[in-house]
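The values are calculated or read from the model by the stated rules, or taken from the named source; none is laboratory data. What you see is a predicted model; the values in this text were computed from it and never measured. Note: ideal-geometry Cβ built from the backbone for every residue, glycine included; neighbour counts use all protein chains shown.
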Amino acid sequence: MNEQTPAQALRHQMGITEEDIGRRQRFVDLTSVDVERIAGIREPVVRNAEELARGFFDYLAKFEEARPLFASRTLLERARQLKREHLIALVGGDYGVAYVEQRLELGLLYSKVGLDPRVFLGAFHFLMRNVGAAVMKHGERRPLEAFESFLSLNKVGFIDIGLITDVLVAERERTIQQQQEAIRELSTPVLQIRERLLLLPIIGLVDTHRARLITENLLQAVRATRAKVIVMDVTGVATIDSKVANHLLQTVSAARLMGARVIVSGISADVAQSLVSLGIELARLNTVGDLQGGLEEAERLIGYQVALQPGPPRRSSRERPHPAAGAGPDRLHPGGAFRPGSHPGARPARRADRPRARDRRRARRYRARRAGFLRHAHAAYHRLHGSPARRARGRSRHPAGRGVRHGPARPDARRRRDRARPGGRHGPARAARNPGCRAWQVS
Amino acid sequence: MASELKLRVENESDIVAARQRGRELAASIGFSATEQTLIATAISEIARNIIAYAKRGDVALDIVEQPGRRGVRVVASDEGPGIENLELAMRDGYSTGRSLGMGLPGAKRLMDEFHIASAPGKGTTVTMKKWRGP
């Protein structure tokens with residue numbers, strides 16, 4: 001037994017039987033009279049088949065929409081050959097299964113290159129026009145007869161059009177179906193949010209097939225992750241009727257049998273009303289308004305405590321070494337952590353991987369403020385509102401409230417301050433004699 | 001106006017199409033989002049019944065008018081086995097299939113008017129209407 005050709009397979013798939021072919025012939029009113037007339041014009045069409053086919057493809061080549069057909073040489077050659085065969089078969093008088101399969105093969109080729117049906121129709125019309133011209137030229141002396149023959153031929157042409165468009169539509173539908181299948185597979189994810197907590201977002205249409213997929217995926221995930229709580233979010237389901245509700249309930253029951261609790265979230269106001277009107281009892285379900293609430297409830301059930309930290313988590317310096325602390329000896333100071341100004345007896349040297357205390361304080365403060373938790377106010381705030389000691393720091397005065405602590409307070413300070421006071425010394429001020437002394441010691 | 005929309009119902013994607021059309025039609029004469037959902041759900045229920053019991057049928061949607069009010073009419077008809085005991089079929093929780101048994105009584109509660117005609121072997125026709133506003 002020989003293999004089924006793609007055209008044969010397609011014919012069976014499309015349900016085109018001999019009976020169906022007969023019906024198609026009746027639709028265009030193709031009778032034995034027509035077949036006889038067509039036989040009379042066989043000669044001119046067969047003679048011109050080559051030229052007519054070339055004209056057909058030249059015409060197609062003019063359109064951008066038909067470009068893919070001309071991209072592949074092998075496909076184009078096959079199409080040309082099929083078209084020549086078709087033109088000869090068109091006047092052959094036998095419009096049975098073999099003829100239909102020949103047509104289907106060409107249609108399959110067209111659909112493979114994504115030929116636009118409108119472009120095909122245009123080109124086919126052009127072809128029939130040329131065939132008509134050839135027929136009329138052949139029957140110049142008996143134009144009426146030639147015209148009638150051409151009309152008969154046209155009936156076959158319409159059968160052809162029906163077949164080709166059927167193939168194009170069928171193939172398109174098949175593509176759509178495949179895509180739908182793919183979307184269905186994609187659209188039932190089960191996500192693990194935390195240890196033993198799963199999220200099952202359901203979006204779009206829930207039909208029997210998909211409900212089964214959802215249940216299957218979920219139960220597998222429950223087994224694999226030993227989940228205790230599942231949040232099923234139905235925000236993306238626009239309409240829930242009794243059947244969908246039933247599917248959801250069954251999924252919930254199945255999960256419960258495996259020891260997982262299900263929280264349903266995201267039932268919209270509209271859906272809630274229609275479920276109540278329908279009379280579907282969902283009290284058995286643990287329902288929560290939205291996904292956020294669902295997750296919170298789930299965490300509570302498992303025993304997670306989620307608390308806001310006063311600041312963002314601090315990373316220890318060990319986790320993230322300071323960029324300055326490279327592994328291996330420092331190139332500039334191979335002896336070790338050398339800090340300019342460090343000397344024996346001074347504070348222990350700052351660890352090289354640790355920013356200065358002031359910088360750390362500042363970084364902590366600003367980080368905290370960024371996160372929205374005000375741990376320490378900005379320095380300027382202290383200067384305005386803080387305790388007197390903090391306020392004073394900005395002015396650099398001594399707590400005892402006497403003179404300026406560091407440096408001159410005003411441009412002319414030296415002149416006035418340095419003046420001898422009542423009971424004071426004469427001569428140059430102490431501050432001038434000894435720059436290290438502090439002004440408030442003057443008295 | 002008689003802009004009747006007749007939809008063939010043969011598989012589950014036809015149900016989706018039918019209730020989508022129902023929603024659109026309801027929206028076009030000003031039903032609120034909630035009422036649209038109620039109508040869509042009712043269409044969904046009876047269309048599911050068609051597929052479950054009669055395999056195929058038709059759902060016709062149109063707009064009906066009465067003095068002072070407008071509404072949506074849904075006529076679902078099939079040539080399936082029909083319903084033997086209508087009273088039982090309209091009871092909550094009764095189902096000859098393996099469903100919740102909420103379809104017909106639920107649809108009745110979802111809509112304002114509900115009429116069902118059926119006899120064994122004669123198919124089933126469900127006519128239901130929802131009026132807009134008070």
Has the range A:224-232 got any residue that is basic (Lys, Arg), under 17 Å from A:VAL264 (Cβ atoms) and surrounded by fewer than 19 Cβ atoms within 10 Å (Cβ to Cβ)?
-> yes
Could you look through the range A:155-171, keep only residues that are farther than 11 Å from A:ARG24 by Cβ and not hydrophobic (A, V, I, L, M, F, W, C), and pick out the one that is surrounded by the most Cβ atoms within 10 Å (Cβ to Cβ)?
-> A:GLY157
With respect to the numbered conditions (1) closer than 30 Å to A:GLU19 by Cβ; (2) outside any helix (DSSP H, G or I), which one is the sole condition not fulfilled by A:GLY114?
-> (1)
Only one residue in A:LEU69, A:LEU87 is in contact with a helix residue (DSSP H, G or I) (Cβ under 6 Å, 6 or more places away or on another chain), of a type in the set (A, V, I, L, M), touching a residue at least 24 places away in the same chain (Cβ under 8 Å) and buried (at least 17 other Cβ atoms within 10 Å of the Cβ), so which one is that?
-> A:LEU87
Identity of the residue in the range B:76-102, surrounded by fewer than 17 Cβ atoms within 10 Å (Cβ to Cβ) and touching a strand residue (DSSP E or B) at 6+ places or on another chain (Cβ under 7 Å), that ends up nearest to A:VAL276 (Cα to Cα) = B:LEU86
Among the helices (runs of 4 or more DSSP H) lying completely within the range B:1-99, list those that include at least 3 residues that are of a type in the set (S, T, N, Q).
-> B:12-28, B:33-49
Residue hits (the range A:260-284; over 22 Å from A:LEU219 (Cα atoms), among the charged types (D, E, K, R) and in contact with a strand residue (DSSP E or B) (Cβ under 9 Å, 6 or more places away or on another chain)) are none
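For every residue, the table says whether it meets (1) more than 16 Å from B:THR37 (Cβ to Cβ); (2) more than 32 Å from the chain's Cα centre (by Cα); (3) surrounded by fewer than 19 Cβ atoms within 10 Å (Cβ to Cβ).
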{"position": "A:ILE267", "(1), (2), (3)": "no, no, no"}
{"position": "A:VAL271", "(1), (2), (3)": "no, no, no"}
{"position": "A:VAL276", "(1), (2), (3)": "no, yes, yes"}
{"position": "A:ALA283", "(1), (2), (3)": "yes, yes, yes"}
{"position": "A:GLN292", "(1), (2), (3)": "yes, no, yes"}
{"position": "A:LEU295", "(1), (2), (3)": "yes, no, no"}
{"position": "A:ARG300", "(1), (2), (3)": "yes, no, yes"}
{"position": "A:VAL306", "(1), (2), (3)": "yes, no, yes"}
Subset tally (residues that are polar (S, T, N, Q) and in contact with a helix residue (DSSP H, G or I) (Cβ under 7 Å, 6 or more places away or on another chain)) for the range A:130-185 = 5
Is it the case that B:THR96 is more than 14 Å from chain A (Cβ to nearest Cβ) and modelled with pLDDT of 85 or more?
-> no
Filter pass, B:VAL9 being buried (at least 23 other Cβ atoms within 10 Å of the Cβ) and β-branched (Val, Ile, Thr) = yes
Being modelled with pLDDT under 85 and in a helix (DSSP H, G or I), is that true of even one residue in the range A:124-140?
-> no
Find all pairs meeting these conditions: Cβ atoms under 6 angstrom apart; at least six residues apart or on different chains; first residue within the range B:19-47 and farther than 16 Å from B:LYS6 by Cα and more than 9 Å from chain A (Cβ to nearest Cβ); second residue surrounded by fewer than 21 Cβ atoms within 10 Å (Cβ to Cβ) and of a type in the set (Gly, Ala, Ser).
-> none
Restricting the first residue to the range B:122-133 and requiring it to be in contact (Cβ under 8 Å) with a residue 60 or more places away in the chain, which pairs with a second residue that is among the basic types (Lys, Arg) and assigned to a strand (DSSP E or B) meet a Cβ separation below 8 Å and a spacing of at least six or different chains?
-> B:MET128/B:ARG73; B:LYS129/B:ARG73; B:TRP131/B:ARG69; B:TRP131/B:ARG70; B:ARG132/B:ARG69; B:ARG132/B:ARG70; B:GLY133/B:ARG69
Filter the range A:289-307 down to residues that are touching a residue at least 40 places away in the same chain (Cβ under 8 Å) and over 15 Å from A:MET232 (Cβ atoms), then give me how many there are.
-> 3
Per the filter on the range A:247-263, residues surrounded by 17 or more Cβ atoms within 10 Å (Cβ to Cβ) and under 23 Å from B:SER95 (Cβ atoms) are A:HIS247, A:LEU248, A:LEU249, A:THR251, A:VAL252
Restrict the check to the range A:47-61 and report whether at least one residue is touching a helix residue (DSSP H, G or I) at 6+ places or on another chain (Cβ under 9 Å) and among the polar types (S, T, N, Q).
-> yes
For the range A:216-308, which fully contained helices (runs of 4 or more DSSP H) count at least 2 residues that are touching a helix residue (DSSP H, G or I) at 6+ places or on another chain (Cβ under 9 Å) and within 14 Å of chain B (Cβ to nearest Cβ)?
-> A:242-257, A:269-278
Those residues of the range A:1-47 which are among the small types (Gly, Ala, Ser) and surrounded by 11 or more Cβ atoms within 10 Å (Cβ to Cβ), in sequence order = A:ALA7, A:ALA9, A:GLY22, A:ALA39, A:GLY40
Does B:PHE114 qualify as being in a strand (DSSP E or B) and within 14 Å of chain A (Cβ to nearest Cβ)?
-> yes
Residue selected from the range A:188-215 under the condition within 14 Å of chain B (Cβ to nearest Cβ) and assigned to a loop (DSSP other than H, G, I, E, B), by the criterion farthest from A:ASP241 (Cα to Cα) = A:GLY204
Residues located in the range A:48-66, provided they are farther than 24 Å from A:GLU148 by Cα, of a type in the set (Phe, Trp, Tyr) and surrounded by 17 or more Cβ atoms within 10 Å (Cβ to Cβ) | A:PHE57, A:TYR59
Which one of these is of a type in the set (D, E, K, R), within 21 Å of A:ALA7 (Cα to Cα) and modelled with pLDDT of 90 or more: A:GLU148, A:GLU101?
-> A:GLU101
Could you check, for the range B:36-48, whether at least one of its residues is over 12 Å from the mean Cα position of the chain (by Cα) and not polar (S, T, N, Q)?
-> no
Residues in the range B:103-110: is at least one surrounded by 15 or more Cβ atoms within 10 Å (Cβ to Cβ), away from chain A (no Cβ under 14 Å) and part of a helix (DSSP H, G or I)?
-> no
In the range A:1-22, what residues are within 13 Å of A:VAL100 (Cα to Cα) and either of a type in the set (Phe, Trp, Tyr) or without any contact (Cβ under 8 Å) to a residue 24 or more places away in the chain (or both)?
-> A:ALA9, A:HIS12, A:GLY15, A:THR17, A:GLU19, A:ASP20, A:GLY22
